[in-house]
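Trainee: Sharing a structure, written as structure tokens. Questions coming.
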Amino acid sequence: MKIGLQIPNFTWNKGSECIRGAIGEIARTADEVGFASLWVMDHFFQIGGSFGKPESEMLEGYSTLGFLAAITKNVKLGTLVTGVIYRHPGVLIKMVTTLDVLSGGRAYLGIGAAWYERETVGLGIPFPPLQERFERLEETLQIALQMWSENDGPFVGKHYRLAETMNNPQPLTKPHPPILIGGAGEKKTLRLVARYADGCNLFARLGIDMLREKLQVLQNHCDAAKRDYNEIEKTTLDTVHLAPGHMTPADMIAQCRELASVGIQQAIFNMPNVQEIKPLEIIGREVIPAVAEF
């Protein structure tokens, strides 16, 4: 099993002028101690809840990933996950391709149907009904695979029409940056994973029994699509708070062992005290080597 790190907020009570230094230290440490991947959310307003108020600091995802690509060497980089309606598909695939080239082949395309209506209304981004968002998601996946192929001809869909799907340079990752779809919907999301994606991301808070059921649904969709289920990377997202009175490294290892038992291959965590750096070092020293054996 691998361990990934998500950075979902940038509010560290030090002011905007300190964000660059803080996220740089977090990213370099995660890279050096052995995290497999580094993720940011793709939001323009903070999402609320435990991550902060909507008006809290929030960086644009792909600009942030470009910065992280320049200061790291090994971690893979992606959004967890991009809302399909935020950027035109041709532009999005060009952005992910650029990230892959400039990072030396370390990009993911993390994508989903989008859900945060407040930020779209606030910034004037159209927010179509859910069914249309899924239609746009499927067309975007088709456009991605076409742009990452030798076919640079037109694409004509219900929602998107591209006269040319030319994309030079092509990504360094072959055959293309892995496509990871976030979400657990059994009828649409997991079906799209089986048809188009290289990975899925599920919330660990669903619990082991529900994760097992979701992965069985995914396997059923793979069987129907004549797709090898084992080709798909299974990942989860959760929060871990390594600190006295909260979780210990042993707790985290036990949690990862349980996730691995149902087939999870990469456990991605965000950490409320990530800016303290020491928790990252502890994970690198005690957790990452232990779970690599699962």
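Every number in this text was worked out from the coordinates using simple rules, so none of it is lab data. Not measured: the values here are computed from a predicted model. Cβ atoms come from the backbone with ideal geometry, glycine included; neighbour counts cover every protein chain shown.
Trainee: Using unit Cβ charges (K, R positive; D, E negative) and no other charged atoms, how large, in debye to the nearest 20, is the dipole of the chain about its Cα centre?
Mentor: Taking the Cα centre of the chain as origin, the dipole is about 260 debye.
Trainee: Further, regarding this structure: Among ARG28, ARG195, ARG205, which one moves the most in a GNM of the chain with springs linking Cα atoms closer than 10 Å?
Mentor: ARG205
Trainee: Right, something else. How far apart, in nanometres, would the label points at ARG161 and ARG20 be if each is projected 7 angstrom from Cα along the Cα-to-Cβ direction?
Mentor: Using points 7 Å along Cα→Cβ, the separation is 4.4 nm.
Trainee: Give me the angle, in degrees from 0 to 90, between the Cα long axis of helix 130-147 and the longest principal axis of the Cα atoms of the chain, rounded to the nearest 10.
Mentor: So the inclination is approximately 80 degrees.
Trainee: On full extension of the chain, what length is gained from ASP209 through GLU117, given 0.36 nm per residue of separation minus the C-alpha to C-alpha distance?
Mentor: Between ASP209 and GLU117, full extension yields 30.1 nm more.
Trainee: What 222 nm value per residue comes from the helices of the chain, counting each DSSP H run with n ≥ 4 as -39,500 (n - 2.57) and dividing by all residues, nearest 500 deg cm²/dmol?
Mentor: Result for the chain: -11500 deg cm²/dmol, rounded to the nearest 500.
Trainee: Shifting gears a bit: Listed here are the pairs LYS53/LYS73; LYS174/LYS278; LYS73/LYS234; LYS158/LYS188; LYS73/LYS174; LYS53/LYS174; which of them are more than 29 Å apart at the Cα?
Mentor: LYS53/LYS73; LYS174/LYS278; LYS53/LYS174
Trainee: Further, regarding this structure: For HIS246 and ASN168, calculate 0.36 nm times their separation in residues minus their Cα-Cα distance, and state this gained length in nm to one decimal.
Mentor: Taking 0.36 nm per residue and subtracting the Cα distance, the gain is 23.2 nm.
Trainee: Between helix 19-33 and the chain, what is the angle of the helix's C-alpha long axis to the longest principal axis, kept within 0 to 90° and rounded to the nearest 10?
Mentor: Once rounded, the angle reads 80 degrees.
Trainee: Less than 11 Å Cβ to Cβ from GLY185, Lys/Arg counted +1 and Asp/Glu -1: what total charge do the surrounding residues give?
Mentor: Summing Lys/Arg as +1 and Asp/Glu as -1 gives +3.
Trainee: Go ahead and set up a Gaussian network model of the chain, Cα springs under 10 Å, then flag whichever of LYS234, LYS76, LYS188 fluctuates most.
Mentor: Of the options given, LYS188 has the highest mean-square fluctuation.
Trainee: Same structure, new question: Defining a contact as two alpha carbons under 8 Å apart and six or more residues distant in sequence, what relative contact order in percent does the stretch 2-291 show?
Mentor: Normalised by residue count, the contact order of the stretch 2-291 is 19 percent.
Trainee: Comparing SER56, SER103, SER37, which has the greatest mean-square fluctuation in the GNM of the chain with Cα pairs linked when under 10 Å apart?
Mentor: Checking each option, the largest mean-square fluctuation is seen for SER56.
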